[in-house]
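So the structure is just underneath, and the comments pick up after that.
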Amino acid sequence: MWEAVAAVSARGEDPEVPEPASGSSSADPGRAETGEEGGKSEGSPGAAEEPVTGASSGDASPSGGGRPGSGSSDGGADGSGGEDAGGTDDGGGSPRKRRRRRVAVAVSLTLALLLTVVLVLPPTREGLVSLWCEVTGGVCPTQEFPPITEEEQTGWRVRMEPEDAALWGNYVALGDSYSSGDGAGDYVPATAEQGGCWRSENAYPKVIEEEFDFAGSLAFYACSSHEGSEMLEQVGAPESQIERVTENTSLVTLGIGGNDLGFIPVLRTCMVRMPLLESSVCVEQEEEIDKRMEEFEKILTEILGEIHDRAPDARILVLGYPRLFPEEPPGMYYTLTKSDQLWLNGLAERFNELIRDVVYEVDGGVYGARETGSVEYVNTFSALSGHEVSTERAWLNGIVLDQLGEGLRVDRASFHPTAEGQLSIAERVRLQIVEGPERVLYVSRETLDNVDPEQLRSELGGPLDPEFTPDPSEAPSAEADGA
């Protein structure tokens, strides 16, 4: 202790020698000399900071009574309160004044930190919200919340549990071959033909339909070989998938993008090559793939906007794509080397991240504008884990060999989930339906009040589907109505 006092005196300062308060539990001279942790004099700069930390993080009592260093008449549990209760100090004011100076310094540092944040980030709430979104990784609004309106205060929308919010209306299944069930067998006869949609009874939308009790029915329109760009081009036409979505749609599942990315042509380029040795032919496609990804980001954003406009109260679940090859490939798969397989896995992962980010951004807009409905991402990347191609019990179709033995042929069903694979993907969708997104869900009260079985049936195929569009010739005449 005396060495520390001498050091302080050498700097021209008066040493601080605290006097324990009467009745304090810290009256032990040894403790007063070494402090709580021991080894440091009360007079040293480092030791002087300890009581401040305790004071700022003391008990949560509103009055602060009994908090160490609070200056209450109670000496404090560890006796630090005795310091505040003491008299004057010749070395620069009372302990209470010194404490105030330290608090002032802490406040100044905090303000400086806030100023730094404001200078680094855009000086708007959007910048702070963006930082929060990055830190939490959750769904965040991308714009300011509007003020609460009188209409909102009257309860124009109803908060619902995730499962209830998905089941009050019709379920519309959209997407490409991964959603139609191409490769899973048991196809609907009218779709199982060259250029057909190849819709399978084993596809995950059919599994979900059987799993849940929808107030309406399943409108299954996912189609093999479909592209996102094609979905947009067909809006307004009878064959449009998006047009199947109506106001009384409560759930939409969408799996799209693989054909926009050109995944089958990419695989074909990787596999059908000469010589059949380690080559950079796969990786050389990356620049072109990046351009397609950039374009698809805009396409997916527009698709989700179109769907939400048609079904503002629906939960829209957007699926990613599963990993095709094991995390650690055991060896070559036909002509694909280990590095080829890892590169293709990485490509699928990057594409899923793009889909996820678009979904979060679109849903942030919906949530931030206090609209009903939601847009949610369903992670299926590991849905086939342990059952990828080349594994003993694969849930993916492998390469289709030409019947005449003329070489390798990457058929439309190659690298597509089997019935078991579709069942595993359905489980991911089921969990999302039950657990919901990372936020609350709302449905319009007016929508819930007006929905009925006949209304759901009439909207099942969409407004442009001849099967569900009323024939004008069958409409009641004015005479029949007695007009």
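No value in this document is a laboratory result; all are computed from the given coordinates. Note that this is a predicted model, so its numbers are computed, not measured. Cβ placement follows ideal geometry from the backbone for every residue including glycine, while neighbour counts extend to all protein chains displayed.
The Cβ shell under 14 Å around Glu227 holds other residues with a net charge of -4, Lys and Arg each +1, Asp and Glu each -1. Modelled label positions at Glu392 and Asp357, each set 7 Å beyond Cα in the direction of Cβ, lie 4.0 nm from each other. Summing charges over all other residues whose Cβ lies under 10 Å from the Cβ of Glu243, with Lys and Arg as +1 and Asp and Glu as -1, gives -1. Taking GluC sites (Glu not before Pro) across region 280-363, the ones in a DSSP loop with at most 14 further Cβ atoms lying within 10 angstrom of their Cβ are Glu327.
If R0 is taken as 51 Å, the Cβ-Cβ distance between Ser458 and Glu297 corresponds to a FRET efficiency of 0.90. For Glu284 and Val434, a Förster radius of 51 Å and the Cβ-Cβ distance give a FRET efficiency of 0.70, rounded to the nearest 0.05. Once both labels are positioned 7 Å from their Cα atoms along Cα-to-Cβ, the gap between Glu211 and Ser339 label points is 4.0 nm. Sorting Val207, Val235 from the fewest to the most surrounding beta carbons within 10 angstrom yields Val235, Val207. The smallest convex shape that holds all Cα atoms of region 198-317, its convex hull, gives 134 Å³ per residue.
Treating each Cα of region 133-462 as one equal point scatterer and applying the Debye formula with no solvent, the log10 of I(q)/I(0) at q = 0.16 Å⁻¹ comes out as -1.39.
Using amide H atoms built 1.01 Å from N in the peptide plane, name the residues 5+ places from Gly320, or on other chains, whose amide H lies under 5 Å from its own. Distant-sequence amide H within range of Gly320: Val378, Thr380.
Would you mind getting me the FRET efficiency between Ala190 and Arg268? Use the beta-carbon distance for r and R0 = 45 Å, nearest 0.05. That gives a FRET efficiency of 0.95.
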